[in-house]
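See below for the structure under consideration.
Read-outs: derived from the displayed coordinates by stated rules, not from any lab. Bear in mind the structure is a predicted one, so any value in this text is a computation, not a measurement. Using ideal geometry, Cβ is built from the backbone for each residue, glycine included, and neighbour counts are taken over all protein chains shown.
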Amino acid sequence: MEFENVPYYIKNIIYEFYTKYGKRILPTRTYIRAVTVVVEKTGKKDLNGVEIGVDHGFNAKTILENLSIKKLYLIDVKFKKKTIERLSKYRNKTKFIEKYSDKAAADVPNNLDFVYVDGGHDYNCVKKDIELYYPKVKKGGIFGGHDFDANHMDICRAVFEFVQKNNLKLYGKNSDWWIVKG
Ligand SMILES: C[S@@+](CC[C@H](N)C(=O)[O-])C[C@H]1O[C@@H](n2cnc3c(N)ncnc32)[C@H](O)[C@@H]1O
C-alpha cells in the first residue's frame, strides 16, 4: 500500500511516535493535523472553513478528505499550479483567494466553523491574522493554527498574548494550537 493511502489515524500514530523520539523525519503531508481531528470530532456537517497559507495544499487536502466541507476558503499570496491541480477534485468545495491574508479577510464570510492559521509566520502577521479572523468564527467553532513550537517563538507570542488578553483557554497538540470559541 502507498503511504499516501494509509488511513490517517495510523499515520498519526506513526507521526506521534517519531515526534516523541525526536525523529521528525515525516513530511507534514503524512498525517492529519490535530485541529482537523478536533473539528472532525465535533461531528458537524457542511462546514465552512478557512486555511490561511496553503502552499502545496497538503493540509488543505487532508481537511477536504476528512471533514464534511461545504466551502473551504483557501488563502495564499500565490498559488502554485500544482496546488490547484492537487485540489482540483474538490473544486466545488473550494474557493481560492490569491491575496495577502489581511486583504483576503473581506472576501471571507462570517459564521465560520473553523479557521486554520498557517500563513505569514512573523509576529505582526500572526497577530493580525488572529485579530481579523477570530471574529469570523461562530460560537463553538475552532480557531487554531500551526507551528506553535520552540522554533516559532513569534507565533507562540502572538497566540499567548491574544489568549491572555481575552481570557481564553488554549489547547495544543504536536505543533497545532487552537481555541474553542465560547
Ligand atoms: C507553511 S506554508 C503553508 C502550509 C500549509 N498550511 C500546509 O500545511 O500544507 C505558508 C504559506 O503561507 C503563505 N503566506 C505567507 N505569508 C502570507 C500572507 N501574509 N498572506 C497569505 N499567505 C501568506 C506562503 O505563500 C506559503 O505558501
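Once R0 is set to 30 Å, what does the formula 1/(1 + (r/R0)^6) return for the Cβ-Cβ distance between residue 122 and residue 164, expressed as a FRET efficiency to the nearest 0.05?
With R0 = 30 Å, the Cβ-Cβ based efficiency is 0.90.
Look at where the Cα atoms of the range 87-148 and of the range 36-83 average out, and the two centres are 10 Å apart. Ordering 35, 156, 15 by Cα displacement along the dipole of the chain toward the positive end leaves 35 in first place; charges were set at the Cβ atoms of Lys, Arg (+1) and Asp, Glu (-1). Report relative contact order for the range 32-180 in percent, whole number only (criteria: Cα-Cα under 8 Å, sequence separation at least 6). After rounding, I find 22 percent. Taking a ≥ b ≥ c as the square roots of the Cα gyration tensor eigenvalues, with a/c under 1.5 meaning rounded and otherwise prolate when a/b beats b/c, else oblate, which class fits the chain? The shape class here is rounded. Other residues with beta-carbon under 10 Å from the beta-carbon of residue 39 carry, at +1 per Lys or Arg and -1 per Asp or Glu, a net charge of +1. Which residue, 112, 72, 170, tops the fluctuation ranking in a GNM of the chain built on C-alpha contacts under 10 Å? Evaluated over the chain, the most mobile residue of the options is 170.
A simple charge model with +1 on the Cβ of Lys and Arg, -1 on the Cβ of Asp and Glu and nothing else charged puts the dipole of the range 32-180 at about 620 debye relative to its Cα centre. The length gained by stretching the chain between residue 173 and residue 41 to full extension, at 0.36 nm per residue less their Cα-Cα distance, is 46.0 nm. When you filter the trypsin sites (Lys or Arg not before Pro) in the range 103-182 for DSSP loop state and at most 10 other Cβ atoms inside 10 Å of their Cβ, you are left with 169.
The distance between label points at residue 149 and residue 10 comes to 2.4 nm (points 7 Å beyond Cα on the Cα→Cβ vector). Could you compute the FRET efficiency for residue 139 and residue 91, with r as their C-beta to C-beta distance and R0 at 45 Å, rounded to 0.05? E(calc), rounded to 0.05, equals 0.90.
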